Structure formats: C-alpha cells, structure tokens
2 protein chains.
Amino acid sequence: MNDLRKDPITGRWVIIATDRLLRPHDFQKTKIIEETSPDRCPLCPGHEAMTPPEIWRWENPDHSWSVRVIPNKFPVLRIEGDLLRRGEGMFDHISGIGAHELIVDSPVHSLTLEDYDAEQIFRILSAYKIRLDDLKKDARLRYGLVFKNFGMEAGASLRHPHSQLIALPIIPKNVKEELSSCRDYYELKERCLFCDIISDEMEHNKRIILESERHIALAPYASRFPFEICILPKKHEACFTRIGEKELKDLASLMDNILEALDRSLSSPPFNYMLHSRPFRVSERHPETTLDLDYHWHIEIIPRLTKIAGFEWGTGFYINPTPPEEAAKALREAID
Amino acid sequence: MNDLRKDPITGRWVIIATDRLLRPHDFQKTKIIEETSPDRCPLCPGHEAMTPPEIWRWENPDHSWSVRVIPNKFPVLRIEGDLLRRGEGMFDHISGIGAHELIVDSPVHSLTLEDYDAEQIFRILSAYKIRLDDLKKDARLRYGLVFKNFGMEAGASLRHPHSQLIALPIIPKNVKEELSSCRDYYELKERCLFCDIISDEMEHNKRIILESERHIALAPYASRFPFEICILPKKHEACFTRIGEKELKDLASLMDNILEALDRSLSSPPFNYMLHSRPFRVSERHPETTLDLDYHWHIEIIPRLTKIAGFEWGTGFYINPTPPEEAAKALREAID
C-alpha cells in the first residue's frame with residue numbers, strides 16, 4: 001500500500017507511491033510520450049471491459065453512455081484497508097487510504113477543447129456532484145478533489161479526455177490555508193471573504209471575464225499564472241454538492257464559454273482545473289453557526305504556459321508576465 | 001515598475017511583471033526554444049560589454065575571470081525606487097523593489113554537469129556568500145534566495161550555466177512556513193528541528209546519501225520529487241553567510257560528489273536547487289536568545305523528472321513514485 005508522509009518542516013503531505021515505484025532508468029524511458037490510438041484506448045466505447053468495474057454512468061436512452069466514472073486502474077490511494085496513523089521517530093505517516101476515480105468526459109476519443117459543449121459539461125459536472133456526495137459518506141475520508149489535466153504539458157497521460165477525483169484521509173494544505181483565511185476574515189468582519197472579493201470585483205469591473213445569471217468568472221487579483229481564471233457562484237455557497245439543476249446548467253454554460261475563450265485566444269493551451277469545495281467533515285473547533293460562512297466553493301483554471309523554476313520552488317512566490325487585467329480583457333474579447 | 005500583489009485567500013505573493021508583459025500571441029511564439037551559440041552568448045568571456053556593469057568577479061592571476069556576478073538584464077525586481085506599501089480595496093500590494101542578479105558559474109559555455117568540479121563550486125558558493133552579505137545591508141530587503149535552473153525543463157532560458165539571486169522586500173511564504181515550524185518546535189523542545197532530523201537520520205541511516213566532515217546530504221523523509229536531495233551543515237547554523245573557508249571547501253566537495261551522482265544515475269537530469277538561509281532581518285516578536293535555534297540553512301536539490309498536475313496544484317500534496325530510501329540507495333551506488 002502507498003504511504004502518506006508528512007514533512008515535519010513544512011507540514012506538507014506526500015504520497016510515496018511504492019505501487020508505481022520508478023527507478024533511475026525508468027525516467028530515461030518516460031521521456032518518450034506514448035500515443036494511444038482509439039482502437040487500443042481503455043476509455044473508448046466498446047472497451048469497457050478493459051477498465052475496472054464501472055461506478056457510475058450517464059446513460060442515454062439507447063443504453064450507450066455520455067459520461068462514465070470508473071476506479072483508476074493505478075490508484076494513488078486505495079479504498080480497501082484500515083486507516084492507520086503512525087509515528088516513526090521524528091516522522092508521521094498514514095496508510096494510503098482514499099479513492100482515486102476517473103471521470104471519462106465523453107465517448108469521443110479525440111474531443112478537442114472546442115468540442116466541449118454546455119450540455120456535455122452539464123453531464124460531467126453532474127458526475128462530479130454525484131461522486132463527491134457518495135464519497136462523503138465514508139467516515140475515513142476528509143476531502144475530495146476533482147481536477148482535470150488537459151494536454152500532455154499539463155500532466156495528462158491518457159489522450160482520451162477525462163477528469164479525476166481523489167478523496168483523501170486528511171484535509172490538504174492548500175484547502176486548509178483557504179479555510180484558515182476565511183475563518184480569520186469571518187472573525188474580523190462576520191462576512192465571507194470570497195463574497196467580499198466578488199462584490200469588490202463587480203464594483204470595479206477590471207478583472208471580470210464573464211458573468212452569467214448565477215456565476216462569475218474572474219482573473220484573480222494575484223494570479224500566479226497568465227490567464228488564470230476563477231469561477232464562483234455569485235450567491236454565497238460553501239459546498240459545491242448543494243448545487244441545484246438550474247445552477248448547474250448555468251455553470252455549464254458559463255464554463256463552455258470560458259473554455260472556448262481559452263481555446264480561441266491561446267489555441268487550445270494545456271491547462272489544469274481544480275474544484276475546491278468545503279471539506280467533507282469540518283473540525284469540531286469551529287461552531288456550527290459560522291460554518292456556512294467559512295468557505296465558498298470555486299473552480300480554478302490554470303493554463304500551463306510558463307515554467308515553474310527555482311525561484312517559485314524556493315519561495316512560494318510566482319512571477320506572472322500577464323497582468324490579470326490584460327488577461328481578462330483578452331478573454332472577454334475572445335468571447336465577444 | 002513591476003507590482004508585488006498578495007492573494008487575500010492564500011497569503012501568497014505574486015510578482016506581476018508588467019516589464020515583460022506577455023500577450024496571448026507571445027505564448028504561441030515561446031514554444032520554440034532558442035539556442036544561443038557561444039559567439040552570441042552574453043555570458044561568454046569577451047562579451048562582457050553585452051551585460052549590465054559587473055558587480056563582482058572571481059579574478060584569476062591572468063586577469064581573466066572564473067565566476068562573474070552581473071545584474072539581470074530583465075530583472076523581475078529593481079533596486080531603484082521607494083518601497084511603497086498600498087491597499088487597493090480588498091487587496092494589498094508593494095512596489096517591485098528588490099535585486100535580481102545573475103551568477104555566471106563558469107567561463108565555459110557548454111559546461112556539463114560532469115564538468116563542475118569542487119574548486120569551481122567553491123568559487124560559485126563564495127559568490128553566493130559575498131552577494132548575500134552585501135544585499136543584507138539594504139534595509140528595504142528582507143530575504144535573498146539563491147537558486148539554479150539547470151536545463152530547459154527546469155526553466156533555464158540561457159544555455160550558459162548560471163545561478164540567480166533574487167532579493168525580496170518580504171519574507172517568502174515557504175521560508176515563513178519553515179521558520180514557523182522551527183519556532184514551534186523550539187518552544188516545545190528548546191532544540192533546533194533540523195538538528196533533530198539530522199540526528200534521527202544519522203541514527204537510522206536509511207536516507208543518507210553522503211556525509212563529509214561537516215555536511216550531510218539526505219533524501220528527505222517526505223520527498224516531493226524522485227531523487228530530491230537536502231544538504232545541511234551537521235553542526236547547527238542558521239545563517240549560510242557565516243560559513244568559513246574550511247566549511248565552504250567541505251561543502252563544495254560534497255556538492256561535487258552529489259552533482260556527479262545525479263549525472264551518473266539520471267544522465268544529466270534537468271534540476272533546480274535553492275539555498276535557504278535565515279531571513280536578513282528577523283521580526284521583533286522573537287527575542288534574541290531563541291534566534292539562533294529557529295532556523296538551519298540548507299540546500300534543496302530537485303531533479304525535474306515528473307510533471308506537476310491538477311492534483312498537486314489543487315491540494316499542495318505531491319505524488320512521488322520513488323521512495324527516498326530507494327533514491328538514497330541509487331545515489332549512494334552512483335557515488336561508489
């Protein structure tokens with residue numbers, strides 16, 4: 001089983017994936033990128049037997065599927081086993097319990113960014129919601145992250161378009177930091193930090209990319225990357241899984257426009273997106289009354305156009321050569 | 001002037017580099033990697049006039065140089081101007097004051113990893129020490145990071161081997177986190193956290209790569225990356241710039257062995273290294289007596305063999321397919 005280890009100096013957790021152990025010579029081999037053709041692709045229709053048993057599907061009236069959820073064949077965390085927490089001298093580790101699922105975005109192997117449409121995005125988002133809601137029931141799990149790696153440069157290892165869901169036995173560092181800022185802000189102002197940012201952005205209108213009835217897409221004030229985008233519900237909501245059908249349709253249509261704008265302005269760039277929602281179970285230290293205002297779900301989209309180098313690794317600082325005001329302008333123009 | 005912006009949600013700082021503004025079409029161009037030949041390389045001997053005025057050099061008896069320090073021609077932060085801190089609605093920013101220097105590692109344009117030797121590394125490390133000591137005198141600067149990007153995959157944009165130094169008007173997030181852990185640990189145990197890790201590692205000897213008289217190279221317990229390496233002084237020392245000539249020679253010889261081991265086992269991999277030392281000025285909140293035990297300088301080396309994708313960006317977690325025990329073993333074998 002993989003091992004979850006905590007760095008005593010930074011508090012950062014690492015999954016030591018002995019299941020997929022790589023030795024020096026493996027890295028020399030992996031420099032060659034493998035292209036799977038549709039007739040050998042495990043995610044293409046007709047090859048369902050090549051994957052582990054299906055967890056969920058969006059079934060069409062003719063019994064074909066539009067979206068399919070399956071366990072990852074090479075999971076970084078496994079659902080089977082006990083959650084053991086152990087110390088080892090100076091160090092802490094936890095057994096690699098969790099879930100690692102794959103959401104097949106579409107039956108079409110060579111779906112391009114342009115091909116994504118609002119209806120299909122609605123089905124994909126529905127899969128996210130249903131799977132997060134289900135995994136939440138497992139008392140061992142504290143957090144579920146849905147993410148997408150689009151393009152080899154963004155870390156995708158399969159060409160067939162897909163998203164992933166990894167559920168973790170601990171709340172990850174990045175989410176903890178966001179939660180802690182939101183709680184500090186709530187203590188100070190009795191308001192949600194994200195809500196205040198949204199209203200500030202709407203008032204000044206310098207970094208808004210697109211607004212729909214219920215959602216807003218922004219270029220964040222301190223964007224780490226060129227053309228970084230944040231999508232949020234305009235009305236306060238901490239939990240993504242509480243989203244209703246109407247809101248989900250509204251979100252799907254906004255995301256469709258945003259992905260198209262990225263495609264047009266940057267010619268189908270490699271990108272990652274991550275869905276941040278409130279942890280499954282919230283610590284007892286924070287009384288129920290404040291809970292709803294201590295987070296605000298959002299989707300972060302980061303095109304992978306610049307390289308992360310020694311300065312970023314050494315400081316946690318980022319250098320962004322495209323001011324978010326310029327990025328928002330270029331993306332707005334691509335939508336019009 | 002570039003703008004330093006703080007993200008209100010994560011506390012992360014970003015340099016918005018309007019000086020090198022990139023628009024959508026620029027990213028399509030930058031996909032082509034430019035190779036500079038020695039006769040057009042600004043870092044090669046004979047081309048000294050192509051760079052801004054020299055700051056420091058290691059001069060040889062024949063008046064040629066072995067190492068040269070120059071201001072970066074396209075600095076992300078500039079030394080000229082006033083340090084202005086301003087609020088802007090919800091947001092905070094600081095003017096882009098700082099220093100950005102380039103340390104030319106060698107006169108040889110096509111120096112390979114194998115070509116680095118202990119004597120030359122000693123000269124490079126001396127340049128780091130001298131420049132950090134000098135920048136420390138500027139009251140506006142709080143931290144200086146020395147780092148190296150080796151290879152295009154690690155973010156190097158010039159082929160000629162070089163290191164960089166960026167001095168910042170604030171203590172960066174990553175260093176703040178390390179300081180805060182060290183201070184918490186000191187409060188609890190009245191000992192240095194790093195010293196305790198070193199003695200734990202020496203007792204169990206599972207992740208030690210190499211020891212010299214005064215330094216130790218480890219594969220960290222919770223390594224984020226395959227073949228990640230941490231080099232530390234065995235005797236407690238918070239500040240790199242207090243290093244003496246003898247220790248510096250010892251460190252240079254250990255680094256020479258480590259770089260050779262990386263070269264042999266992973267065939268000259270792209271990598272970054274970062275030197276972490278205590279901030280220039282430490283906050284008044286922490287009384288002088290504890291100061292010396294609240295940090296321990298170290299060099300982090302990270303080979304760039306795996307891709308960072310949505311999971312890492314969304315959580316701050318890392319997935320490492322090579323356990324540090326295996327990495328240490330492979331590197332030890334490459335040294336023998």
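The values are calculated or read from the model by the stated rules, or taken from the named source; none is laboratory data. Note that the structure is a prediction, hence the values are computed from the model and not measured. Using ideal geometry, Cβ is built from the backbone for each residue, glycine included, and neighbour counts are taken over all protein chains shown.
Quick one: which residue in A:Leu132, A:Leu158 is among the aliphatic types (A, V, I, L, M), more than 8 Å from every other protein chain (Cβ to nearest Cβ) and within 24 Å of A:Ser268 (Cβ to Cβ)?
Only one candidate qualifies: A:Leu158.
Restricting to the stretch B:117-132, name every residue that is surrounded by 21 or more Cβ atoms within 10 Å (Cβ to Cβ) and among the hydroxyl-bearing types (Ser, Thr, Tyr).
B:Tyr128
Filtering the stretch B:58-78 down to residues that are in a loop (DSSP other than H, G, I, E, B) and in contact with a Leu (Cβ under 9 Å, 6 or more places away or on another chain), which residue is surrounded by the most Cβ atoms within 10 Å (Cβ to Cβ)?
It comes out as B:Leu77.
Within the stretch A:277-292, how many residues turn out to be within 16 Å of A:Lys235 (Cα to Cα) and at pLDDT 85 or above?
2
Taking only the stretch B:224-253 into account, find how many residues are closer than 22 Å to B:Lys136 by Cα and touching a His at 6+ places or on another chain (Cβ under 9 Å).
7
Have a look at B:Ile197, B:Ile243 and point out the one that is more than 9 Å from chain A (Cβ to nearest Cβ) and either closer than 27 Å to B:Phe271 by Cα or not β-branched (Val, Ile, Thr) (or both).
None of the others qualify; the one that does is B:Ile243.
State all residues of the stretch B:41-50 that are farther than 18 Å from B:Ala127 by Cα and part of a loop (DSSP other than H, G, I, E, B); if no residue qualifies, say none.
Within the stretch B:41-50, B:Cys41, B:Pro42, B:Gly46, B:His47 qualify.
Go through the stretch B:294-331 residue by residue and tally those that are under 22 Å from the mean Cα position of the chain (by Cα), in a helix (DSSP H, G or I) and facing chain A (nearest Cβ under 7 Å).
Residues flagged as under 22 Å from the mean Cα position of the chain (by Cα), in a helix (DSSP H, G or I) and facing chain A (nearest Cβ under 7 Å) within the stretch B:294-331 amount to 1.
Quick grid of which residues meet (1) surrounded by fewer than 19 Cβ atoms within 10 Å (Cβ to Cβ); (2) within 10 Å of another protein chain (Cβ to nearest Cβ); (3) at pLDDT 95 or above:
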position	(1), (2), (3)
B:Lys148	no, yes, yes
B:Pro172	no, yes, no
B:Leu218	no, no, yes
B:Cys230	no, yes, yes
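What number goes with the only condition from (1) more than 10 Å from every other protein chain (Cβ to nearest Cβ); (2) under 30 Å from B:Thr18 (Cβ atoms) that A:Asn272 does not pass?
Evaluating A:Asn272 over (1) more than 10 Å from every other protein chain (Cβ to nearest Cβ); (2) under 30 Å from B:Thr18 (Cβ atoms) leaves (1) as the failure.
Take A:Gly87 and tell me if it is surrounded by fewer than 16 Cβ atoms within 10 Å (Cβ to Cβ), out of contact with any helix residue (DSSP H, G or I) (no Cβ under 6 Å at 6 or more places or on another chain) and assigned to a strand (DSSP E or B).
Considered against the rule, which asks whether it is surrounded by fewer than 16 Cβ atoms within 10 Å (Cβ to Cβ), out of contact with any helix residue (DSSP H, G or I) (no Cβ under 6 Å at 6 or more places or on another chain) and assigned to a strand (DSSP E or B), A:Gly87 comes out as yes.
Could you grab the pairs with beta carbons closer than 8 Å, sequence gap of 6+ or different chains, first residue in the stretch B:45-64 and of a type in the set (Gly, Ala, Ser), second one modelled with pLDDT of 95 or more?
Cβ pairs passing all conditions: B:Ser64/B:Pro45; B:Ser64/B:Pro107.
From B:Lys235, B:Lys246, grab the single residue that is of a type outside the set (A, V, I, L, M, F, W, C), farther than 28 Å from B:Thr315 by Cα, at pLDDT 95 or above and part of a loop (DSSP other than H, G, I, E, B).
B:Lys235
Kindly check whether there is at least one residue in the stretch A:92-115 that is out of contact with any Lys or Arg (no Cβ under 9 Å at 6 or more places or on another chain) and outside any loop (DSSP other than H, G, I, E, B).
For the stretch A:92-115, residues out of contact with any Lys or Arg (no Cβ under 9 Å at 6 or more places or on another chain) and outside any loop (DSSP other than H, G, I, E, B): absent.
Any residue at all in the stretch A:18-37 that's farther than 29 Å from A:Glu177 by Cβ, in contact (Cβ under 8 Å) with a residue 60 or more places away in the chain and more than 14 Å from chain B (Cβ to nearest Cβ)?
yes
Name the residue, out of B:Val108, B:Val104, B:Val69, B:Val76, that is under 22 Å from the mean Cα position of the chain (by Cα) and within 30 Å of A:Pro323 (Cβ to Cβ).
It is B:Val76.
Would you pick out the residues in the stretch A:161-170 that are more than 8 Å from every other protein chain (Cβ to nearest Cβ) and under 16 Å from the mean Cα position of the chain (by Cα)?
Of everything in the stretch A:161-170, those that are more than 8 Å from every other protein chain (Cβ to nearest Cβ) and under 16 Å from the mean Cα position of the chain (by Cα) turn out to be A:Pro161, A:His162, A:Ser163, A:Leu165, A:Ala167.
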